[in-house]
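See below for the structure under consideration.
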């Protein structure tokens, strides 16, 4: 069975097209992967910094309340203290996860 020139050209063109498409896709995929990895890393760093700031703010407020002798589970500051402790517990769990 022989292939004439025209059919050989079409077959060769399809093979070349498919190979070029695959190589282009792979190059694009790799570039996208690198960009995505960088974006994910930056997002993770931003999340960690935000969490750290939240923890520090909550601890700072508790320190202020301690220095004022306001750390009691009854009285006017009790709801704020319970909320801060709950918030800190959530942040610690989120940071550990």
(request) Search region 84-97 for residues that are over 23 Å from residue 64 (Cβ atoms) and pair each with any residue that is at pLDDT below 80 and assigned to a helix (DSSP H, G or I) when their beta-carbon atoms are under 8 Å apart and the residues are at least 6 apart or on different chains. (result) 94/51
(message) I'd like the full set of residues that are outside any helix (DSSP H, G or I) and under 16 Å from residue 88 (Cβ atoms), limited to region 26-72.
(response) 71
(message) When you scan region 15-25, do you find a residue that is touching a residue at least 12 places away in the same chain (Cβ under 8 Å) and part of a helix (DSSP H, G or I), even just one?
(response) no
(request) Kindly indicate whether any position in region 57-75 is at positive phi and either surrounded by 11 or more Cβ atoms within 10 Å (Cβ to Cβ) or at pLDDT below 75 (or both). (result) yes
(message) With the structure loaded, tell me whether residue 63 is over 30 Å from residue 83 (Cβ atoms) and either without any contact (Cβ under 8 Å) to a residue 40 or more places away in the chain or in contact with a strand residue (DSSP E or B) (Cβ under 8 Å, 6 or more places away or on another chain) (or both) or whether it fails that test.
(response) no
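The values are calculated or read from the model by the stated rules, or taken from the named source; none is laboratory data. Quick caveat, the model's predicted, so the values are computed rather than measured. As a convention, Cβ positions derive from the backbone with ideal geometry for all residues, glycine included, and neighbour counts pool all protein chains shown.
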